Amino acid sequence: MSDGKRLLLTGLMALWAMAFAYAFVAFWPTAPSGDGFGRGLNRVVTYLGWQGIAGMLAVAIWGVGRGWPKGASARRFSAVPVVLALLHALAIAAIVLWARFG
């Protein structure tokens, strides 16, 4: 693979890691604001927003990684963010369903 593709994959992976980690960092120090139903919603929206950015970057990483030959470590490694995003989405859906029906 060319150095340009390696640099692109590395840069995207670094951006993904920062967005993924910042979602957790931004969630904790934010104090709930407002009252009633929307109280505390600012924390959740911030968290999900950064996870959405990380998910879009994960899809881009997976797309760039598909350019490597089958069995290459870069190709397998590029699937890690997508798998984490899918597991994260399943966990959030399970929490919502548990809260709704549990």
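Condition check ((1) farther than 21 Å from K5 by Cα; (2) open to solvent by 50 Å² or more (accessible area, probe 1.4 Å)) across all residues:
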| residue | (1), (2) |
| --- | --- |
| F27 | yes, no |
| V45 | yes, yes |
| W50 | yes, yes |
| G65 | no, no |
| K70 | no, yes |
| V80 | no, yes |
(message) Of everything in the stretch 73-101, what is touching a residue at least 60 places away in the same chain (Cβ under 8 Å) and under 21 Å from A26 (Cα atoms)? Give them in sequence order.
(response) P81, L84
(request) Would you be able to say whether some residue in the stretch 58-72 is touching a Pro at 6+ places or on another chain (Cβ under 8 Å), of a type outside the set (K, R) and in contact (Cβ under 8 Å) with a residue 24 or more places away in the chain? (result) yes
(request) Might you check whether a residue that is at pLDDT below 95, open to solvent by 100 Å² or more (accessible area, probe 1.4 Å) and part of a loop (DSSP other than H, G, I, E, B) occurs anywhere in the stretch 86-98? (result) no
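The values are calculated or read from the model by the stated rules, or taken from the named source; none is laboratory data. Treat the numbers as computed from the prediction; the structure is a model and nothing was measured. Cβ sites come from the backbone with ideal geometry, for glycine too, and all protein chains shown count toward neighbours. Accessible surface areas use protein heavy atoms only, side chains included; no ligands, DNA or RNA. Shrake-Rupley method; radii C 1.70, N 1.55, O 1.52, S 1.80 Å.
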